[in-house]
1. So which residues in the range 351-391 are under 22 Å from the mean Cα position of the chain (by Cα) and either in a loop (DSSP other than H, G, I, E, B) or assigned by TED's automatic domain parsing to the domain that holds Val129 (or both)?
2. Mind counting the residues in the range 338-354 that are touching a helix residue (DSSP H, G or I) at 6+ places or on another chain (Cβ under 6 Å) and either at pLDDT 95 or above or of a type in the set (Gly, Ala, Ser) (or both)?
3. If Ile299 passes every condition in (1) surrounded by 15 or more Cβ atoms within 10 Å (Cβ to Cβ); (2) within 25 Å of Pro136 (Cα to Cα); (3) modelled with pLDDT of 90 or more; (4) not acidic (Asp, Glu) but one, which one does it miss?
4. For the range 18-54, name all the residues that are under 42 Å from the mean Cα position of the chain (by Cα) and charged (D, E, K, R).
5. With respect to Leu53, is the statement that it is part of a helix (DSSP H, G or I) and either touching a strand residue (DSSP E or B) at 6+ places or on another chain (Cβ under 9 Å) or more than 27 Å from Glu434 (Cα to Cα) (or both) true?
6. Confirm whether Gly83 is under 20 Å from the mean Cα position of the chain (by Cα) and in a loop (DSSP other than H, G, I, E, B).
7. Residue by residue through the range 434-460, note down the ones that are under 22 Å from Val387 (Cα atoms) and buried (at least 23 other Cβ atoms within 10 Å of the Cβ).
8. Of all the residues that make up the range 253-294, how many are within 20 Å of Leu159 (Cβ to Cβ) and of a type in the set (D, E, K, R)?
Amino acid sequence: MKNDTPDSFASRHIGPDDEARHQMLRAVGVPSIDALIDQTIPSGIRLSRTLNLPEAESEAAYLRRLGDVAAKNRPMRSYIGMGYYDCHTPAVIQRNVLENPGWYTPYTPYQAEIAQGRLESLLNFQTMVGDLTGMPIATASLLDEGTAAAEAMAMFHRLNTKKAPAGQESVFLVAGRTFPQTIDVLRGRAEPLKIRLEIGDPESLPMDRAFGLLLQYPDDHGEVRDLRPIIEKAHAAGLMVAVATDLMALAVLTPPGEMGADAVVGNSQRFGVPLGYGGPHAAFFATRESFVRQAPGRIIGVSVDARGHRAYRMALQTREQHIRREKATSNICTAQALNALGGVVYLSWLGRRGLVELAELLLQRTHYAREALTALDGVEALHAQPVVREFAVRLDAPVEAVLERCAAQGVAAGVPLGGDYPELADGLLVAITERRSRADIDRLAEVLGAAVAAERPAAAGAGVPA
């Protein structure tokens, strides 16, 4: 190829040289890059001091230091949940999907119809979500559960027939037993939309002044409740209802769509996608067919090509990248298609019967774990409601001290509830996944029981070593 010297490769891929930068600066009429930044970025959001960065190091030195840091990690048997779960990632997904450059390199298909395989997988994702949630329409994934819940709130706000008087905020209701991270995202999204969140017990929230309601199913303490009465009450008051849920749990629970939900959202991470230190994961969003043009993201449909063959296409795309910004339903520009694909392949790997069997296994092991832990001295159930994947208990001992003792034995025993619920300073949320065997649960009971016994207030007087 002409001019394919090392220098020409560098000029194409490393960036503009001094001469090219000077030409661009002259074209925009500024003397320097610093002057350009001064004109375009408000001083209030710029850092005025120099970054405190370490000295540069070689690749070999960096990898050696990274290895030293990684060696400090301690392997744990984790019972941490509250929306993110240590699920099994089959090798077929890890190798053939998540680590396959044919899938992970296309960030999002801007010429979507060229990528027929990807569109087919996203159509399967929509079908999977629609079947499990009991809703007629599902979009081709969003960022995470909190984002999907915020999109439901925004969609209801656009559809709102109970308009707030001029100068007043609209009101959106949120069940107090929603995942805390979801509530945080809702707060951030609500502020610029001039929406005020009312958070608490749905039965006592002011439905006469609100346009929508968000419920969690199962809730953030693992409780499973029949949502029909509260959904019917909300509809009677003119509210639209979104339900944040667990796709895996819906294999054994009544789908929110069958209980009257107007939108169903959540995280498909439970379908074989690794935790990844908090992400990335693929959220799902399902709603009524009458709301389809207000739904965020993209919807994949089936058509025919010029030869009359079956073909997949982007049937609806209401994101700001595709249409005029002021007409967009959402400014979320990522579909998380790779993780959505991982979830679809996981379901294909399990099969319909396998999905139900796995959900039933989780149900059985969770109940076994709750019985094992609540049989311990100083541990009692926080509630008696049915549970599917996780449950809350009270400890008759300082929770953080108990968790430290468990961690020393290689067990991450759960999520302390006191940080998000000050009234539950003695609460602990324990999650069970398919990676935790009955032997693991027995080990958890042994370690937690010993830790509680050592930290109970009566332990010091009884001569138990701290």
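1. Val387, Val388, Arg389
2. 3
3. (3)
4. Arg21, Asp34, Asp38, Arg46, Arg49
5. Answer is no for this residue.
6. So Gly83 fits the description; yes.
7. Once the filter is applied, which keeps residues that are under 22 Å from Val387 (Cα atoms) and buried (at least 23 other Cβ atoms within 10 Å of the Cβ), the range 434-460 yields Leu444, Leu448.
8. The total comes to 4.
The values are calculated or read from the model by the stated rules, or taken from the named source; none is laboratory data. Remember, predicted model here, so these are calculated numbers, not experimental data. Please note: Cβ atoms are built from the backbone with ideal geometry, for glycine as well, and neighbour counts cover all protein chains shown.
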